[in-house]
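Colleague: Questions regarding the structure given below will be posed in turn.
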Amino acid sequence: MKIVVIGGTGLIGSKLVPKLRANGHDAVAAAPNTGVNTLTGEGLAEALKGASVVVDVSNSPDWEDAAVLRFFETSTRNLLTYEAAAGVGHHVALSVVGTDQLSESGYFRAKIAQEKLIKESSIPHSIVRATQFFEFLKGLADISMVGDKVHLPHVLFQPMAADDVASGVARVAVSPPVNGIVEIGGPEAYRVDELVQRRLDMLKDPREVIADPNARYAGAKLGERTLVPGNNARLGETRFETWVTQSAKAGIAA
Ligand SMILES: NC(=O)c1ccc[n+]([C@@H]2O[C@H](COP(=O)([O-])OP(=O)(O)OC[C@H]3O[C@@H](n4cnc5c(N)ncnc54)[C@H](OP(=O)(O)O)[C@@H]3O)[C@@H](O)[C@H]2O)c1
């Protein structure tokens, strides 16, 4: 099958494309630097020619409320329009576990808008909601600063390796559309504040994490289990400790 991966050069996309190719598919990485821009429509008609599946693992370069909403709305609208014209039979998009409960956040209002456009479109679809990536733990600290300290709530989450995210998305991309949501997550649950502190300590990042019941995640209040996937979630195998060892060996610093 020809499978176009929108955001195919990003963290998840660059792991997903080789996995699909290893399974014998004609996977095409699409992103602005390969001549495909979902915001302007540039290169989309050409890239989608003959495609059976489109997988959207793109992300907005700007997370400011209006900019991120504009990104996911415009790019999803464009994609669905060009897919209909090209006869694409399956639209797969990567979203986040708990998205529907996070509407206080500008970023998640944009993900809610993305999911809504997909659900309302005529293209058969699968929305893969993943938990936070291990690779994002430092980023989570960066977006949770109050003064010089990291403020995060002492609630549960079940993060996973980006490689397992890509495997989970690949599996959905080569299966029939579910016309609904598939959840994927990590093998173990942790407390958000505690795991982010562990990660910062490992990176010799001196920042202190404060367990703050009023702290927000990208602007949204979290409940004890908002970020934990449901019982039917497919769980990745890579444990945090294994990922730490593997990524240290691979020289990944973030
Ligand atoms: N971070 C988490 O913990 C987490 C958890 C669950 C789900 N997610 C979701 O995972 C998805 C992917 O995240 P990621 O971290 O892999 O993203 P990323 O590394 O930032 O990659 C984003 C990709 O989107 C591409 N892109 C940006 N603007 C584009 C445009 N106008 N047209 C086409 N492509 C464009 C980028 O291309 P260039 O590099 O050329 O700009 C890049 O290939 C996001 O939708 C996010 O919501 C994230």
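The values are calculated or read from the model by the stated rules, or taken from the named source; none is laboratory data. As the structure is a prediction and not an experimental result, all values here were calculated from the model. Cβ: placed from backbone, ideal geometry, glycine included. Neighbour counts: every protein chain shown. To get the accessible areas, we keep the full protein, side chains included, count just its heavy atoms, and leave off ligands, DNA and RNA. Shrake-Rupley method; radii C 1.70, N 1.55, O 1.52, S 1.80 Å.
Colleague: What pairs come up if the first residue lies in the stretch 111-124 and is within 19 Å of Ala173 (Cα to Cα), the second is among the basic types (Lys, Arg) and in a helix (DSSP H, G or I), and their beta carbons are under 7 Å apart, counting only those six or more places apart or on different chains?
Modeller: Close Cβ pairs satisfying both conditions: Leu117/Arg77.
Colleague: Continuing with the same structure: Take Ser126 and decide whether it is closer than 27 Å to Gly43 by Cβ, in contact with a helix residue (DSSP H, G or I) (Cβ under 9 Å, 6 or more places away or on another chain) and within 15 Å of the ligand (Cβ to nearest atom). Break it down into steps so the answer makes sense when it comes.
Modeller: Details: closer than 27 Å to Gly43 by Cβ: yes; in contact with a helix residue (DSSP H, G or I) (Cβ under 9 Å, 6 or more places away or on another chain): yes; within 15 Å of the ligand (Cβ to nearest atom): yes.
Here the answer is yes, as Ser126 does meet what is asked.
Colleague: While we're here: Could you tell me whether the stretch 143-162 includes any residue that is more than 14 Å from the ligand (Cβ to nearest atom), β-branched (Val, Ile, Thr) and crowded, with 20+ Cβ neighbours inside 10 Å?
Modeller: Within the stretch 143-162, one or more residues are more than 14 Å from the ligand (Cβ to nearest atom), β-branched (Val, Ile, Thr) and crowded, with 20+ Cβ neighbours inside 10 Å.
Colleague: Residue by residue through the stretch 46-87, note down the ones that are open to solvent by 70 Å² or more (accessible area, probe 1.4 Å), within 13 Å of the ligand (Cβ to nearest atom) and in contact with a Phe, Trp or Tyr (Cβ under 9 Å, 6 or more places away or on another chain).
Modeller: Taking the stretch 46-87 first, the residues open to solvent by 70 Å² or more (accessible area, probe 1.4 Å) are 46, 49, 59, 61-65, 70, 77, 81-82, 85.
Filter once more, keeping what is within 13 Å of the ligand (Cβ to nearest atom): 59, 61-63, 70, 77, 82.
Residues satisfying the conditions are Asn59, Pro61, Asp62, Trp63.
Colleague: Can you go through Val178, Val165, Val182 and tell me which one is in contact (Cβ under 8 Å) with a residue 24 or more places away in the chain, in a helix (DSSP H, G or I) and β-branched (Val, Ile, Thr)?
Modeller: Values: Val178 fails: in a helix (DSSP H, G or I); Val182 fails: in a helix (DSSP H, G or I).
From the options Val178, Val165, Val182, the qualifying one is Val165.
Colleague: Under 7 Å by Cβ, and 6 or more places apart or on different chains, what pairs join a residue from the stretch 37-51 that is over 15 Å from Ser75 (Cα atoms) with one that is in a loop (DSSP other than H, G, I, E, B)?
Modeller: Ala51/Val88
Colleague: Looking at Val92, is it open to solvent by 20 Å² or more (accessible area, probe 1.4 Å) and within 12 Å of the ligand (Cβ to nearest atom)?
Modeller: Numbers: open to solvent by 20 Å² or more (accessible area, probe 1.4 Å): no; within 12 Å of the ligand (Cβ to nearest atom): yes.
For Val92, the condition - open to solvent by 20 Å² or more (accessible area, probe 1.4 Å) and within 12 Å of the ligand (Cβ to nearest atom) - is not met.
Colleague: Within the stretch 126-136, take every residue that is surrounded by fewer than 22 Cβ atoms within 10 Å (Cβ to Cβ) and in contact (Cβ under 8 Å) with a residue 24 or more places away in the chain and give me the one that is farthest from Val178 (Cα to Cα).
Modeller: Taking the stretch 126-136 first, the residues surrounded by fewer than 22 Cβ atoms within 10 Å (Cβ to Cβ) are 133, 135-136.
Going one step further and asking which of them are in contact (Cβ under 8 Å) with a residue 24 or more places away in the chain, we end up with 133, 135.
Values: Phe133: 23, Glu135: 28 Å.
Step by step, filter the stretch 126-136, then rank; the result is Glu135.
Colleague: Considering every residue within the stretch 170-186, establish whether at least one is over 25 Å from Arg225 (Cβ atoms), among the hydrophobic types (A, V, I, L, M, F, W, C) and touching a His at 6+ places or on another chain (Cβ under 8 Å).
Modeller: The answer is yes, given that some residue of the stretch 170-186 is over 25 Å from Arg225 (Cβ atoms), among the hydrophobic types (A, V, I, L, M, F, W, C) and touching a His at 6+ places or on another chain (Cβ under 8 Å).
Colleague: So, one more: Does any residue in the stretch 1-30 that is more than 6 Å from the ligand (Cβ to nearest atom) come within less than 7 Å, Cβ to Cβ, of a residue that is among the basic types (Lys, Arg) six or more places away or on a different chain, and which pairs are these?
Modeller: Hits for this filter: Asp26/Lys2; Ala27/Arg21; Val28/Lys2.
Colleague: Further, regarding this structure: Quick one: in the stretch 185-207, which of the residues that are part of a loop (DSSP other than H, G, I, E, B) and more than 26 Å from Val57 (Cα to Cα) is most open to solvent (accessible area, probe 1.4 Å)? If you could, list the steps in order and put the result at the bottom.
Modeller: At the first step, the residues of the stretch 185-207 found to be part of a loop (DSSP other than H, G, I, E, B) are 186-189, 203-207.
Then drop every residue that is not more than 26 Å from Val57 (Cα to Cα), which leaves 203-207.
Working: Leu203: 51, Lys204: 174, Asp205: 26, Pro206: 123, Arg207: 42 Å².
It comes out as Lys204.
Colleague: Condition first: more than 26 Å from Asp100 (Cα to Cα), open to solvent by 40 Å² or more (accessible area, probe 1.4 Å), outside any helix (DSSP H, G or I) and not acidic (Asp, Glu). Now tell me which residues in the stretch 208-254 satisfy that.
Modeller: Once the filter is applied, which keeps residues that are more than 26 Å from Asp100 (Cα to Cα), open to solvent by 40 Å² or more (accessible area, probe 1.4 Å), outside any helix (DSSP H, G or I) and not acidic (Asp, Glu), the stretch 208-254 yields Ile210, Arg239, Ala250, Gly251, Ile252, Ala253, Ala254.
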